[in-house]
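**Q** Structure provided below as structure tokens; questions to follow.
The values are calculated or read from the model by the stated rules, or taken from the named source; none is laboratory data. The structure displayed is predicted, hence computed values, not measured ones. Positions of Cβ are backbone-derived with ideal geometry, glycine not excepted, and every protein chain shown enters the neighbour counts.
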Amino acid sequence: MVPGAAQDVRVEERKLRRRLGCWGLGAIGFSDIVGSGWLFGAMYAARIAGPLSLLCWVAAGVLAGLVALVMVELAASRPEAGGTVRWPLYANGPLVAGVISWAVLLSVGAHAAEVTAILRYVSHWLPWLYHGARLSWAGMALAAAVIVSLGALNWFGVRLFARVNLLVSVLKLAVPALTVVLLLASGFHPHRLTEHGGFAPYGWSAGLTALSMGGVVYSVNGFQAPVEFSGEARDPRRDVPRAVLTAIGLAVLLYVGLQLAYLCAMPERALAHGWRGVSFDSPFGQLALLLNLHWLAFLLYTDAVVSPAGGAFVGVAAHARRTYALAKNRMLPHWFLRVHAGSGIPRRGLALNLAVTLLFLLPFGGWQDVVSTVGNLFLLGYATSAVAAYTLRVAGRGRVPGVRWIAPVSFVVATLFVYWSSWYRLRVTLPLALLGVPLFWWVRRREPTAVLLRELRKGGWLPAWLLGLLACSALGGFGGTGALPEPYDSVTVAAFSLGVFRWAVRSGRRHLAEGASAPDGMAEIPR
């Protein structure tokens, strides 16, 4: 980065407001996790895996915990707004950061899932919002208005954002918790867990597929939101770890309770065709009506607006920080490297995110379509953060004990979760992510070829990892040809990912040994 540009970054960083404490950060994490996932995740996970879906939430919680420890290590030692796209730059250089930046920009489309969830429940009163499973043109117009409103609430400053979010978080905890209690009290039938094909009616591998295609991984995503705000925390080293881990624990406990209530309160007459035959437009609302809990149904339809809106509210804010970081990475024009002096908000990045979210409404008409695609983009970011945590640990003292084994395990598990989402999804998601390579090349096209080739050598492990994962998916037992059958396909993917992790760490160490200072100065490691 040229000296003038580096000075611009320092000026903009000083405009960020360091006003968030532990409670504010924890509410941000919980609110981002508990969005539309609690409204739909239980039904889709049960349709794919049956009662085995209970263990899916536990598995997703374990992954979230592993990745959270990795991100806590990075956020506590290197707090920075939009850190998830900055740390790969410090650890592995511009190519890795560029590809992940592209994936992060695409993942902004997750807000479209929250908006479609809101309108799906609202369609209980306004059926003209949908034509079948897709939004009507009138529904599209209302969705656009909701997205713009969420942006407007984020426009005026961090303090207002934190106060509104804390209130929303209380409501988002109270209504799902009440739903669990009342559904189980209305009729707890534990034998539902073993009837209709048993605990795993569609095979144990179906539980792995449910993690991604059922929206389970997507539903626990959001715990990294406090990390994105670490540059605006009063005491990031103390408060960010507490906030992240507390948010994960509360959210996973709530999701397990919701899944148990959904399974054990389901009326027998609804299971005539097994769990795959249960299909609701508004799962918990319609289940409450089946159980004659009309006032609970009304409360659920009302909260179905609050919960996704709260998740999108936080997500829009967090992605604004990531987009700001993309401009620092030079993957977006310098024009986006501006923080509004009065509010401390990167407003230009916020506006870009709203535009991307609107575009995502066009090809994806339903909640599951969005989350099964975007969930894998989040997992790619998790994996590169694990590499960064292990690599940068060498450059300085760490804060989280055990990161040397947590980071590789996190990378392998994140890779497996991507693989298990099936070839049907990965044939779209992984090529989309790989487009970041030619995009990086185009952004840097004026630089000497020798410099670009050097960056390709340092970051070549990332496109190799994505291509290898795509090949394994095409040949494997999760929607592929089956040439690599279960469980050997998962073992192969785990071994492959461990080898890639070692390659990535070696490349990162070479990058650090070169001074962690590329000719543009972007990779300078903050202390």
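**Q** Could you tell me which numbered condition LEU362 fails, if it satisfies all but one of (1) at pLDDT below 65; (2) farther than 25 Å from TRP442 by Cβ; (3) not in a helix (DSSP H, G or I)?
**A** For LEU362, the failing item is (2).
**Q** Only residues that are modelled with pLDDT under 75, of a type in the set (Gly, Ala, Ser), assigned to a helix (DSSP H, G or I) and crowded, with 24+ Cβ neighbours inside 10 Å: list them for the stretch 192-245, please.
**A** Scanning the stretch 192-245 gives SER212, ALA225, SER230.
**Q** Any chance the stretch 1-14 includes a residue that's at pLDDT 85 or above, over 22 Å from LYS458 (Cβ atoms), part of a helix (DSSP H, G or I) and of a type in the set (Lys, Arg)?
**A** no
**Q** Report, by residue number, each residue of the stretch 420-446 that is in contact (Cβ under 8 Å) with a residue 12 or more places away in the chain and either touching a strand residue (DSSP E or B) at 6+ places or on another chain (Cβ under 8 Å) or not in a helix (DSSP H, G or I) (or both).
**A** Matches in the stretch 420-446: SER421, SER422, LEU435, ARG444.
**Q** Could you list, in sequence order, the residues of the stretch 408-438 that are of a type outside the set (Gly, Ala, Ser), touching a Gly at 6+ places or on another chain (Cβ under 7 Å) and at pLDDT below 85?
**A** TYR424
Residues are listed down the side, and each one gets a yes or a no for (1) crowded, with 18+ Cβ neighbours inside 10 Å; (2) more than 17 Å from LEU89 (Cα to Cα):
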site	(1), (2)
ARG425	yes, yes
THR429	yes, yes
PRO438	no, yes
TRP441	no, no
ARG445	no, yes
PRO448	no, yes
LEU453	no, no
PHE478	yes, yes
